[in-house]
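The values are calculated or read from the model by the stated rules, or taken from the named source; none is laboratory data. Not measured: the values here are computed from a predicted model. Cβ: placed from backbone, ideal geometry, glycine included. Neighbour counts: every protein chain shown. Remember, those area values only see protein heavy atoms, side chains included, never the ligands or the DNA or RNA. Shrake-Rupley method; radii C 1.70, N 1.55, O 1.52, S 1.80 Å.
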Amino acid sequence: MDGSGRTGGGQDAGARALEARELQRGWYGEPLGELFQRLITDLGLNQARLAAVLGLSAPMLSQLKSGQRAKIGNPAVVQRLQALQELAGQVAEGRTGALEAAARMDEIRDAAATSVLSTTTHSAVPADAPAVAPREVVRGIQEVLRSLASAAEVEEAARSLAPLHPHLAEFLRVYGAGRTSEAVAHYEAHRD
């Protein structure tokens, strides 16, 4: 096997695919064919939609699924895959409905590879990771707030907090009920 995750040409295709699936089990916890099939089933996708959400071409997804290729080379695709696994878990547990899952898949597809995608707190951002764009940070905050309450509820909470906690009230209004451009300006003015 070379460094790209492709198996060598001397072995027959079946042995190469078996070797690739074992490597995938070590890298991703299970062979990608099984993982992809579970995501397709749990999230109600077809193979083309899964490829689109992950940011892979359909032929590349097929090669990974069948073991013709062992490794996903793009870290952004790996991160989207992790986000989809988390989403599938939420759907399976009944914490996320079908419409919300579909919207979240669109967000996963459109998002750059950032720590904002992760909904878990167990992973740390590596020191050499690229800086997260302010817009991505803001979108993550907005997504969380808007998943908890409507804009009207956020406004009501902000009004309640304003007398004793004006900065927190401003934060709620800007991120929970305001426009993304206003929230980005607020974030840039207050970070560090």
Worksheet item: Where residues in the range 70-99 are farther than 16 Å from Gly29 by Cα and touching a residue at least 40 places away in the same chain (Cβ under 8 Å), which of them is least open to solvent (accessible area, probe 1.4 Å)?
Response: Leu87
Worksheet item: Applying the selection to the range 160-177, what residues are in a helix (DSSP H, G or I) and not hydrophobic (A, V, I, L, M, F, W, C)?
Response: Ser160, Pro166, His167, Glu170, Arg173, Tyr175, Gly176
Discussion item. For the condition assigned to a helix (DSSP H, G or I), surrounded by fewer than 20 Cβ atoms within 10 Å (Cβ to Cβ), out of contact with any Pro (no Cβ under 7 Å at 6 or more places or on another chain) and not polar (S, T, N, Q), what is the one hit in Glu34, Glu30?
Written reply: Glu34
Fill in: Candidates Ser147, Ser160, Ser181, Ser118 - the one that is modelled with pLDDT of 90 or more, of a type in the set (S, T, N, Q) and either more than 30 Å from Thr41 (Cβ to Cβ) or under 17 Å from the mean Cα position of the chain (by Cα) (or both)
Ser160
Item to complete: Kindly establish whether Glu153 is more than 15 Å from the chain's Cα centre (by Cα), modelled with pLDDT of 90 or more, open to solvent by 40 Å² or more (accessible area, probe 1.4 Å) and not aliphatic (A, V, I, L, M).
Response: no
Fill in: Scope the range 55-69; condition in contact (Cβ under 8 Å) with a residue 40 or more places away in the chain and either more than 12 Å from Gln24 (Cβ to Cβ) or not in a helix (DSSP H, G or I) (or both); matching residues
Gly55, Gly67, Gln68, Arg69
Worksheet item: Residues in the range 2-23 that are modelled with pLDDT of 90 or more and within 16 Å of Asn74 (Cα to Cα): how many?
Response: 0
